[in-house]
Amino acid sequence: MTRIHIANEKDTEKLGERIGQQVQPGTVIALIGDLGTGKTTLTKSIARGLGVTETVTSPTFNIIREYRSGRLPLYHFDVYRIGDPDEMFELGYEEYFYGDGVCVVEWADIIEELLPEDAVVISIDRGASDEEREYEIEGEEDICIF
Ligand SMILES: Nc1ncnc2c1ncn2[C@@H]1O[C@H](COP(=O)(O)OP(=O)(O)O)[C@@H](O)[C@H]1O
Ligand SMILES: [Mg+2]
């Protein structure tokens, strides 16, 4: 487990870009944190690091959006509106989670039981000030940044 102190939004972006540049194929990155902690901001930076040229927008109403213009396919999930994990089966989530792209899952705690054993779990807490965040990263081997 690795803890990271994030001072501001720029720090979040730098971390995300490094993850995007170095993440291994077939990695599921599970983001856990309240509204406004920066899950979407981090995801957009991961996309930038992967070299995704399309505009990344929050998939809240779609559950999943796919981006194929980068080094690896990026599957961005926002499972906030999932009522039941069964909806994940209907989406065919296993094809994504156990494929060769990179999955980033916002609100991953909601589908915790479906996360692969080797998922990279990033828990984000608010810090002392408005822009500070405290990251706790488990299974960090597959993002290859440490
Ligand atoms: N250190 C930080 N990292 C990420 N976002 C930050 C940070 N500090 C302030 N913010 C702001 O917090 C908000 C995060 O929004 P967003 O990424 O959509 O969060 P989430 O997807 O977790 O709800 C943005 O308005 C952003 O400008
Ligand atoms: Mg979000």
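FYI, it's all coordinate maths here, none of it is from the lab. This one's a predicted model, so the numbers in the text were calculated from it and none came from an experiment. Cβ coordinates were reconstructed from backbone atoms using ideal geometry, including for glycine residues, and neighbour counts include every protein chain displayed.
Points worth noting:
- Here the calculated FRET efficiency for Glu54 and Gln24, from their Cβ-Cβ distance with R0 = 30 Å, stands at 0.85, rounded to the nearest 0.05.
- Relative to the current alpha-carbon distance between Met1 and Glu87, full extension at 0.36 nm per residue lengthens the span by 27.9 nm.
- For the chain, the share of DSSP beta bridges that are antiparallel, to the nearest 5, is 50%.
- Per-residue ellipticity at 222 nm computed for the chain from its helices equals -7000 deg cm²/dmol, with DSSP H segments shorter than 4 residues left out and the rest contributing -39,500 (n - 2.57).
- Listed by chain and number, the aspartates and glutamates whose C-alpha is less than 16 Å from the C-alpha of Lys10, apart from same-chain residues fewer than 8 away, are Asp130, Glu131, Glu132, Glu134.
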